[in-house]
Every structure is written in C-alpha cells, then in structure tokens.
Amino acid sequence: MFRRILAVIAIAAVLALPAAPAGAQLTVQILKGMAESVPIAIVPLAWDGPGAMPYDVAATVHADLERSGRFRPLPRAQLLEQPHAAGEVDTADWRMLKVDYVLVGRLSALADGRFEIRYELVSVANGERLHGTAVPADPRALKRASHRVSDAVYEKILGVRGAFATRIAYVAVDGPVNKRNYRLIVSDADGANERVVFGSPDPIMSPAWSPDGRSIAYVSFHSGLSAVYVQTLATGSQVQVSAKSGINGAPAFSPDGSRLALALSRRDGNVDVYVLTLATQELQRITEDPAIDTEPNWSPDGRSLYFTSDRAGAPQVYSVAVEPGARAQRVTFEGGYNARPRISPDGRQIAVVTLDRGAYRIGSVDARSGGLQVLSGGALNESPSFAPNGADILYTSRVGGRDTLAIVSSDGRVQRQIAASAGELREAAWSPFLD
Amino acid sequence: MRSLSILLILVGALVLGACGKKATTVPEGTGSTAVEGGETAGAQGEGQVGEGRDLPGASGSPTGGPAGVANVIYFDFDRSDIRPEYASLINSHAKYLAGSSAVRIRVEGHTDERGSREYNIALAERRAQAVRRALMLQGAGDAQLTTVSYGEERPAAVGSDESAYGQNRRVELIYGR
C-alpha cells in the first residue's frame with residue numbers, strides 16, 4: 001500500500017513540472033494504469049543552437065506518454081546513455097534496461113528564428129527505426145510541437161493517432177452557494193494554457209466544440225433566461241443563436257459545422273430535439289413527443305441524432321434520422337437509466353450516463369448490439385466526451401462533494417483523475433483534432 | 001482504496017500548493033455514498049423517496065406576493081405533479097396575481113444533483129410548467145408568468161443526501177423580476 005502511494009506521489013511530482021506556465025491549474029493522476037503498459041525511454045534531445053536549450057521537448061513527451069496510462073517511460077535518472085540519433089542506439093544496452101522503444105533526437109535553431117525538432121523512434125527488439133521526422137516550430141509553439149511528437153510516438157506504437165495536441169473546454173465553478181462564479185475555460189488537453197472564454201455569475205452549461213475546433217457553443221443564463229451562444233475562440237465574438245421561450249439547451253454541432261442540434265421547450269414546455277441551420281436560422285423540429293427528448297448528439301455521418309428520452313418511463317437513448325417524419329428507435333435496453341449519449345468517432349460505441357447499482361457511472365453501449373459495459377467506478381459521474389481518437393472518455397466525477405474531471409479509456413482499462421487547485425470543474429468537452 | 005483516493009486528492013493539492021474546499025462526503029470509488037435510484041431514475045426509485053416536506057428556511061419570507069404565503073413548492077423524486085397540500089399555496093398566489101395584473105413573476109424549476117445535467121434541466125422545466133399551468137387555471141394571466149429551468153445548477157442546499165435532495169427538488173415563485 002505504502003509503495004503504491006509513493007509511486008503515485010512520484011507521478012504527480014513529475015507531471016507537475018512540464019505543466020509549465022504559472023496559473024496552470026490542473027494535474028492528472030493515474031488511478032489505474034494498464035498492466036501491460038509499454039516501457040519506453042525518452043532521451044533528452046541534443047541542442048544545436050546558441051545558449052541554453054529553449055525547451056525540454058523530451059520532458060513533455062515523457063509526461064504525455066505517462067499520463068496516457070499506456071506507457072511506462074524510464075525515469076530520466078535511469079538513462080545510462082543519451083544517444084541523439086537512431087544509429088547511436090545500442091539495442092543491447094536498452095534491452096538490459098527492459099525498454100521496448102527508444103526515442104532520440106535533436107532540437108535545432110533555424111536561420112529564420114524558428115526551431116526544428118528532429119526525432120527518431122527505435123524498436124529495441126530488432127533495432128529497426130520505426131519513425132523519423134523533422135517538425136518545425138515557432139519559438140512560442142515548442143510545447144505544442146512536443147505534443148505532436150507524442151502523438152506520432154503513440155500512433156507508431158499503438159496504431160492509433162495520439163490526442164495530446166488537442167484541447168478541452170470545461171466549466172469551472174467557485175464561490176459560495178449564493179454567489180457563484182461560473183467560467184467557461186479552454187485549456188490544452190494536459191490542463192496547461194488555460195484561458196477563460198466566458199465568465200458569469202449565472203450558470204454556464206453544456207460546452208460543445210465546432211468540428212473545426214475554432215468555436216464553442218454553450219448555454220448561458222446571464223440574460224436571466226437560458227440561451228445558446230456560439231463563441232469564436234480567436235476573436236472572442238459571442239453570437240446568441242437561440243433564445244426562445246422556455247429551455248434553450250444541449251447544443252451539438254453537426255459534423256460539417258453548418259447546423260446545431262438543440263433541446264427546446266418553446267412556450268408549451270414540451271422538451272424536444274430541434275436542428276438549427278446556423279446560416280439561415282431555419283429551425284427544424286426533429287422529435288415531437290410529449291415526453292422529454294434532449295441531449296442530442298450526431299452520428300459521425302451527420303444523418304441521424306442520438307438523444308435521451310423518457311418516453312418509455314425512464315430515460316433511455318434513442319436514435320432518429322434527421323429527416324421529416326422519421327421515427328425514433330430505442331438504442332439502450334440494459335439498465336433503468338441511460339442518458340446523455342456521445343458517439344465514438346468511429347460510430348461503434350455510445351458513451352452514456354448509466355445507473356449502475358445505485359450509482360451514476362459512465363457506460364459504453366455497443367451501437368450494434370446494445371450491450372452495455374460500465375467503465376467508471378464513481379458514485380456520481382456525468383457528461384462523457386470522447387477524445388477525437390476514440391481511445392479515451394473525459395467525464396465529470398463528483399468526489400468529496402466537489403465536481404472534478406476524470407478520464408477513462410474507452411475499454412475501461414485506464415482510469416485517471418484530474419485534480420484542480422480550487423473550485424469545481426465539470427462538463428468537459430474534448431476538442432476535435434486541431435490541424 | 002479509500003485512503004488511496006484521499007491521498008491522491010491530497011497529493012494534487014500539495015503539488016499545486018493550494019487547497020480546495022473542505023471535503024464532506026465520501027470520495028469516489030468507495031461505493032458507500034448513498035445514491036439510491038436517482039432524481040430521474042424512473043419508477044424504481046419512487047418507494048425510497050421522502051415526503052419532500054416543507055423545510056425551514058427555504059420557503060419562508062418571500063418578497064412580494066400574498067402576505068404570509070410561502071413561495072416554494074417541493075416535489076417528489078422524479079415527479080412533476082403538484083402534491084395536494086400545495087393547492088392552497090398555489091391558489092393564494094393565483095388569486096393575488098389575478099387581482100394585480102401588472103405583477104410579473106418568475107416560475108423557477110429545480111432538481112437535485114443526481115443524473116444528467118441537461119436531462120435535469122428538462123425535468124425542472126416540466127415542474128415549472130406544472131406550476132405555471134396550475135396558476136393559470138386559478139386565474140393568473142399567461143403574460144404574468146415567465147418560466148425558467150435551472151435544473152441542478154442552483155441548489156438551495158448543498159450535500160449529497162436525501163435532506164439536501166428534498167430541499168432542491170422545487171419550484172420557486174419569484175416576485176418583482
């Protein structure tokens with residue numbers, strides 16, 4: 001037990017370092033890693049340029065891979081040698097250290113003031129050079145470029161593109177009950193570089209990324225009533241897109257970004273799913289049922305919507321084609337409560353909030369068979385959001401009376417918790433890939 | 001596992017050199033937090049629900065409206081039907097509104113924290129609409145009533161127990177806005 005605690009402290013300390021800039025608020029702790037995590041050595045890069053090396057690329061790659069729970073990077077102090085090119089890697093030495101892969105490279109200053117990260121990935125088993133490339137980077141984008149190195153290493157070894165160079169949006173809440181302070185925040189996927197997108201003393205809810213990663217739709221009550229806004233991140237410009245009588249909620253961008261699925265109650269209070277075409281403000285009613293229909297999410301092909309409905313008594317997930325007169329079909333049958341569907345990027349898996357033996361947990365529903373697997377272990381989990389590579393699900397977990405964020409792999413094998421220095425964090429949405 | 005979870009939280013706080021609010025409930029993963037059924041869990045949870053009695057402090061001293069009449073209506077778990085004991089409360093507000101047509105009120109719906117947030121927004125809207133319809137049946141004018149649903153976003157009581165849940169499943173009638 002004590003050894004496990006020490007190990008956790010060590011991980012937390014390592015991760016706190018590369019989350020560089022002051023004000024960075026989040027740290028990721030691995031609650032459960034994969035037993036078969038991949039041992040890898042990330043060798044500090046050589047520096048070709050004047051003065052001190054401007055950025056420790058290897059430290060960021062080390063932290064990224066460790067935080068994923070799929071890799072076991074060798075502690076830097078245990079590196080017996082520090083090669084900088086594939087040809088310098090002595091596989092026999094690395095075999096003794098029981099690592100399967102070695103990442104080596106150089107950081108160079110270019111004549112135009114930019115930098116170049118040149119790196120190579122070597123398999124220790126056979127000495128094969130699996131990958132080698134050069135990435136140019138602006139001085140201020142070295143961290144981002146480092147995340148791209150992590151993405152490539154993850155993909156070469158696991159066969160799935162990494163999602164380290166992505167971002168997350170979430171709602172942070174602090175202050176006493178009668179004087180809350182809500183902030184919509186966007187940060188890098190590792191919690192660094194956080195920026196406040198919008199702040200209000202009234203509730204902010206349900207952030208959703210546009211497919212190009214440039215805008216976020218969300219619900220705000222700052223007018224005194226609920227309304228849906230779309231805000232462009234680069235300019236901060238905020239456009240109110242739905243402020244009808246009753247509920248304006250649960251926005252979700254269509255895969256082509258042209259339309260927004262919404263839950264509206266209009267004047268009669270009957271909550272149904274609608275689709276708003278942003279350019280024309282044309283509103284199309286998708287469901288028409290006296291029950292609650294809400295939390296729409298698009299299928300990857302944009303032809304249908306999954307949503308929550310209590311038309312059969314308790315909330316369950318349904319799907320409906322986005323065309324006039326289409327009939328909804330029930331998708332979930334296992335368990336007494338399945339809500340807030342989010343479809344995996346490949347369309348095969350549906351993440352839901354499911355009631356599991358008295359606790360609200362994150363579940364994964366097989367889109368074809370309807371089979372349900374419970375992934376998380378909390379008492380009150382909600383708001384699942386897939387990473388753009390489908391490998392992980394970000395969600396909200398209530399721990400010790402506070403909402404915080406957590407990540408579970410989409411197969412349930414890796415479990416991580418994100419700790420905030422203060423306040424509550426909830427309703428995180430993972431960005432698409434940002435190219 | 002429990003002590004490990006607590007330590008994880010402590011480690012996070014130490015590493016960051018800052019400490020959050022006092023933790024009052026059991027950390028995730030212990031399975032001992034009392035979450036039975038759920039605010040929106042359907043029929044299976046109904047037998048466990050408390051009476052949702054009027055709670056001191058939450059329903060007292062409304063500003064505006066009929067004198068001496070409370071302005072909060074509490075609901076059973078996963079229900080939006082108004083319990084019979086609130087008939088006179090609603091009648092008093094409806095008569096007051098019918099007699100002062102310039103008065104406007106907000107009918108604000110709320111749920112407890114269990115279940116999905118947007119689903120709870122819909123459930124709280126259903127509660128607010130039930131109260132709106134009841135007020136209109138008793139003579140209040142449509143134009144006098146604005147409904148707004150906050151779901152679980154604005155709890156009256158903090159805590160993850162039935163006492164807090166009962167105080168949070170409510171509709172408030174707010175005068176003067």
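The values are calculated or read from the model by the stated rules, or taken from the named source; none is laboratory data. Keep in mind that what you see is a predicted model, and the values were worked out from it rather than measured. Here the Cβ positions follow ideal geometry from the backbone for every residue, glycine too, while neighbour counts run over all protein chains shown.
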Members of region A:319-348 found to be assigned to a loop (DSSP other than H, G, I, E, B) and within 11 Å of chain B (Cβ to nearest Cβ), listed by number: A:G335, A:G336, A:Y337
Test for A:K98: is it in contact (Cβ under 8 Å) with a residue 40 or more places away in the chain and either out of contact with any Asp or Glu (no Cβ under 8 Å at 6 or more places or on another chain) or more than 20 Å from A:D48 (Cβ to Cβ) (or both): yes
Hey, A:Q329 touching a residue at least 60 places away in the same chain (Cβ under 8 Å) and either of a type in the set (V, I, T) or in the same structural domain as A:S369 (by TED's automatic domain parsing) (or both) or not: no
Residue within region A:105-113 that is in a helix (DSSP H, G or I) and under 30 Å from A:D392 (Cα atoms) present: no
Residue in region A:218-248 that is farthest from B:Y150 (Cα to Cα), counting only those that are touching a Leu at 6+ places or on another chain (Cβ under 7 Å), not aromatic (F, W, Y) and not in a loop (DSSP other than H, G, I, E, B): A:V241
Scan of region A:291-317 for residues that are on the phi > 0 side of the Ramachandran plot, within 10 Å of chain B (Cβ to nearest Cβ) and assigned to a loop (DSSP other than H, G, I, E, B), ordered by number: A:G313
Some residue of region A:122-140 being of a type in the set (D, E), closer than 27 Å to B:V158 by Cα and out of contact with any Phe, Trp or Tyr (no Cβ under 8 Å at 6 or more places or on another chain): no
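Where in region A:349-435 are there strands (runs of 3 or more DSSP E), lying fully within it, with 2 or more residues that are within 14 Å of chain B (Cβ to nearest Cβ), without any contact (Cβ under 8 Å) to a residue 40 or more places away in the chain and over 20 Å from A:I30 (Cα atoms)? Write out each step before concluding.
Numbers: elements: A:349-356, A:359-366, A:372-374, A:381-386, A:392-399, A:402-409, A:415-420, A:424-430.
So the answer is A:349-356, A:359-366.
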Pair list, Cβ < 8 Å and 6+ apart or interchain, from region A:280-304 residues that are free of Cβ contacts under 8 Å to residues at least 40 places away in the same chain and more than 16 Å from A:R259 (Cβ to Cβ) to residues that are in a strand (DSSP E or B) and polar (S, T, N, Q): A:D289/A:S309; A:A291/A:S309; A:I292/A:T308; A:I292/A:S309; A:D293/A:T308; A:D293/A:S309
Test for A:P345: is it under 30 Å from A:A152 (Cβ atoms), surrounded by fewer than 24 Cβ atoms within 10 Å (Cβ to Cβ) and in contact (Cβ under 8 Å) with a residue 24 or more places away in the chain: yes
Top-ranked residue in region A:34-55 [being surrounded by 20 or more Cβ atoms within 10 Å (Cβ to Cβ) and not β-branched (V, I, T); ranked as farthest from A:A192 (Cα to Cα)]: A:A41
Criterion: closer than 28 Å to A:D151 by Cβ and among the hydroxyl-bearing types (S, T, Y) - qualifying residue of A:S226, A:S215, A:S220: A:S215
Residue match in region A:318-328 (condition: of a type in the set (D, E, K, R) and at pLDDT below 95): yes
Matching residues, region A:253-281, being touching a strand residue (DSSP E or B) at 6+ places or on another chain (Cβ under 7 Å), more than 10 Å from every other protein chain (Cβ to nearest Cβ) and part of a loop (DSSP other than H, G, I, E, B): A:S254, A:P255, A:S258, A:L278
